[in-house]
Amino acid sequence: MSGSLGRASAALLHLGRGVLLRGPALRTRSSGPGGSGSGPASREHLDSLVKKDKVVVFLKGTPQQPQCGFSNAVVQILRLHGVTDYAAYNVLEDPDLRQGIKDYSNWPTIPQVYLNGEFVGGCDILLQMHQNGDLVEELKKLGIRSALLDAKTDHDSK
């Protein structure tokens, strides 16, 4: 497991060279009603969380201070693309949210990424999308221009 994390980090570092990263303007959110120890998060509540914003991430920790390498990798991938406006939910603060989102998506691990209310996957899927260019296209569908396109344009004009 640490080997794949190392490869993911190395790929991010390699791909991130020469890219201007913007500061985060994201929102770390509490899970609100239906979470915070009040029993399992309801499907309706989770549905509202994943559909509330164009980009939603359930992670361990916060984007400013991820508590696991996979959550950090997701944050870094989004940062590379200049995605700064997204909702982030710290599953370590709420065990019911942590289990509830796994049940909701039928995906056993955290982090989890949702684009326009649709489950995308975890760190491995987002990294693959980043590497093959699919993430740029998916962001474009949301009206988000990837910063990597601007970095490529800047590089090509020199």
Selection from region 59-74 of residues that are of a type in the set (A, V, I, L, M, F, W, C), touching a Ser or Thr at 6+ places or on another chain (Cβ under 9 Å) and open to solvent by less than 50 Å² (accessible area, probe 1.4 Å): LEU59, ALA73
Given (1) touching an Asp or Glu at 6+ places or on another chain (Cβ under 7 Å); (2) open to solvent by 70 Å² or more (accessible area, probe 1.4 Å); (3) at pLDDT 50 or above; (4) not charged (D, E, K, R), number of the condition ALA41 does not satisfy: (2)
Given (1) open to solvent by 30 Å² or more (accessible area, probe 1.4 Å); (2) in a helix (DSSP H, G or I), number of the condition GLY100 does not satisfy: (1)
Among residues of region 103-129, those that are without any contact (Cβ under 8 Å) to a residue 24 or more places away in the chain, under 12 Å from the mean Cα position of the chain (by Cα) and outside any helix (DSSP H, G or I), counted: 2
ILE144 assigned to a loop (DSSP other than H, G, I, E, B), open to solvent by 10 Å² or more (accessible area, probe 1.4 Å) and hydrophobic (A, V, I, L, M, F, W, C): yes
Among (1) in a helix (DSSP H, G or I); (2) buried (at least 20 other Cβ atoms within 10 Å of the Cβ) - the single one LEU92 does not satisfy: (2)
Candidates GLN67, GLN76, GLN99, filtered to the one that is polar (S, T, N, Q), under 22 Å from LEU142 (Cα atoms) and at pLDDT 95 or above: GLN76
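The values are calculated or read from the model by the stated rules, or taken from the named source; none is laboratory data. Everything numeric in this text was worked out from a predicted model, so none of it was measured. As a convention, Cβ positions derive from the backbone with ideal geometry for all residues, glycine included, and neighbour counts pool all protein chains shown. Side chains are part of the model used for accessible areas, which takes the heavy atoms of the whole protein and leaves out ligands, DNA and RNA. Shrake-Rupley method; radii C 1.70, N 1.55, O 1.52, S 1.80 Å.
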